[in-house]
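The values are calculated or read from the model by the stated rules, or taken from the named source; none is laboratory data. It should be emphasised that the depicted structure is a prediction, and the values quoted were computed from it without experimental measurement. So basically every Cβ, Gly included, is an ideal-geometry build from the backbone, and we count neighbours across all protein chains shown.
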Amino acid sequence: MGTYADDRHVSHGDLRTRANPNPGYTNVSVSYRNARELSGLNLGPGTPVLPGLVVEQPDGPRLLGSECGVCGTVNFPATPFCTNPDCVKDRANVEAWHGGPDGVLWSWTVQHVRAPAPFRFDREGPYAVGMVDLPGGVRVLGLLTRTTELRHDMPVRLVIAPLYDGGSGPVVTWMWAPAE
């Protein structure tokens with residue numbers, strides 16, 4: 001993966017949905033530097049596979065996205081302005097959105113072949129990818145920590161877990177673990 005400057009904005013795509021407003025977040029443009037300032041904590045041992053996707057909170061990690069204060073559109077990863085085509089494109093309307101730490105497994109698949117580069121996951125054998133419903137109507141795709149004993153509507157919790165050994169330590173990302 002590439003190296004990112006501390007103030008480079010990370011926006012690789014979006015997940016659009018209507019969500020309830022989350023008051024209390026005031027930063028307008030979400031970046032890696034802002035994510036660390038918002039959290040006040042780090043992600044523990046390991047280097048994030050991509051900075052700016054997750055922040056650590058006292059009660060666990062949170063996905064770092066953005067929410068439009070005008071129409072309520074939520075984006076994960078964060079975007080600097082609203083992606084709703086019917087909404088005004090003003091950065092002042094965008095606030096930080098923290099997703100998780102709890103969700104419900106909506107659907108999943110177990111992969112029995114390695115994903116193509118640049119994805120890297122050092123764990124041997126199959127891996128699972130799940131679609132998780134978060135409060136407020138947001139649905140997020142992510143890796144699951146196990147491939148068996150999964151079921152629809154199973155409570156899951158956001159965790160930080162290693163993807164691979166980066167030479168100077170683990171490279172980590174967010175995953176969903178059973179909450180039961």
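Can you pull out every residue in segment 74-96 that is under 30 Å from PRO178 (Cβ atoms) and surrounded by 24 or more Cβ atoms within 10 Å (Cβ to Cβ)?
VAL74, ASN75, PHE76, ALA78
Checking TRP106 against (1) surrounded by fewer than 15 Cβ atoms within 10 Å (Cβ to Cβ); (2) outside any loop (DSSP other than H, G, I, E, B); (3) among the hydrophobic types (A, V, I, L, M, F, W, C); (4) free of Cβ contacts under 8 Å to residues at least 60 places away in the same chain, only one condition comes out false. Which one?
Of everything listed in (1) surrounded by fewer than 15 Cβ atoms within 10 Å (Cβ to Cβ); (2) outside any loop (DSSP other than H, G, I, E, B); (3) among the hydrophobic types (A, V, I, L, M, F, W, C); (4) free of Cβ contacts under 8 Å to residues at least 60 places away in the same chain, TRP106 misses just condition (1).
Return the residues of segment 133-157 that are of a type outside the set (Asp, Glu) and closer than 18 Å to SER66 by Cα; say none if nothing qualifies.
Residues satisfying the conditions are LEU134, PRO135, GLY136, GLY137, VAL138, ARG139, VAL140, LEU141, GLY142.
Please specify each residue of segment 45-90 satisfying the condition of being assigned to a loop (DSSP other than H, G, I, E, B) and either within 13 Å of the chain's Cα centre (by Cα) or small (Gly, Ala, Ser) (or both).
Answer for segment 45-90, where residues must be assigned to a loop (DSSP other than H, G, I, E, B) and either within 13 Å of the chain's Cα centre (by Cα) or small (Gly, Ala, Ser) (or both): GLY46, VAL49, LEU50, PRO51, GLY52, LEU53, GLY69, GLY72, PHE76, PRO77, ALA78, THR79.
So, of the residues in segment 98-133 that are among the aromatic types (Phe, Trp, Tyr) and out of contact with any Phe, Trp or Tyr (no Cβ under 7 Å at 6 or more places or on another chain), which turns out to be modelled with the lowest pLDDT?
PHE119
Tell me, yes or no, whether segment 119-129 has at least one residue that is of a type in the set (Lys, Arg) and closer than 25 Å to SER66 by Cβ.
No; the residues of segment 119-129 include none that is of a type in the set (Lys, Arg) and closer than 25 Å to SER66 by Cβ.
How about segment 110-180: which strands (runs of 3 or more DSSP E) wholly inside it have at least 3 residues that are surrounded by 12 or more Cβ atoms within 10 Å (Cβ to Cβ) and in contact (Cβ under 8 Å) with a residue 60 or more places away in the chain?
Here the list reads 138-144, 155-165, 170-178.
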